[in-house]
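The values are calculated or read from the model by the stated rules, or taken from the named source; none is laboratory data. Note that this is a predicted model, so its numbers are computed, not measured. Counting neighbours? That spans all protein chains shown, and the Cβs are built from the backbone with ideal geometry, glycine included. When the accessible area is computed, the model is the full protein with side chains, heavy atoms only, and any ligands, DNA or RNA have been set aside. Shrake-Rupley method; radii C 1.70, N 1.55, O 1.52, S 1.80 Å.
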Amino acid sequence: FQAHRATWPARLRMLRAALAQGAQPNDLTYQSQQPALHLANAFGSPEMVETLLRQGANAKQAEARHRLTPLEFLLDHEYFMRTRGLPEMLTRDERARIVTSLMKAGSPEPRQVNWTELITLVSGDRWLKHLLATQKPTPQELMSSDTNVLPTAAAAYLGDEAALRTLLARIPRYEPTRHEPEKNPPFDVKLDAAIAATH
């Protein structure tokens, strides 16, 4: 992690030099078939993303394989983790900064949001509130997750109080779908978050 990040200043200088000499930020490379902005989201820095956007990188451009926009590519944590086999190289605060830059540049809303992944990837509730207002998920959709971890538990585990408060205001305390009277008491979302915070 630290070794990778130590290369950022040199890579940023090379990127700026390439752009100054006429490199086109929206061209696809033969090797990866990914636009530079997508790669900067996954393996670069907020400064690299901002540099590309200032030089005309298209915040709406979709990559070839799954037709993901830069913002969707950033939020699709499983995609770039599995296909590249690399550990995360950005902090949640850095991802939040990138998301803000992409939104300012006109990036379209993601077509589908995994709320637990969103909480684990981006810190705070600014972007969360924005997506809640535009996507308008039902409480059940907000609690749906491929990982069996509720977004409230993820926020509590990561110590993200702002995101946790925002989520708890929109999710009922008890989740009926997990309640089997003959087996267990009602599933308590707040208790679940408290246990995650303790861990």
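Scanning the stretch 29-50 for residues that are open to solvent by 10 Å² or more (accessible area, probe 1.4 Å) and β-branched (Val, Ile, Thr) yields a single hit, Thr29.
Per-residue answers, yes or no, for (1) open to solvent by 70 Å² or more (accessible area, probe 1.4 Å); (2) more than 30 Å from Arg16 (Cβ to Cβ); (3) of a type outside the set (Asp, Glu); (4) without any contact (Cβ under 8 Å) to a residue 12 or more places away in the chain:
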site	(1), (2), (3), (4)
Arg67	yes, no, yes, yes
Leu86	yes, no, yes, no
Arg92	no, no, yes, no
Val99	no, no, yes, no
Asp160	no, yes, no, no
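Residue count for the stretch 101-147, restricted to those that are outside any helix (DSSP H, G or I), at pLDDT 85 or above, within 15 Å of the chain's Cα centre (by Cα) and surrounded by fewer than 19 Cβ atoms within 10 Å (Cβ to Cβ): 2.
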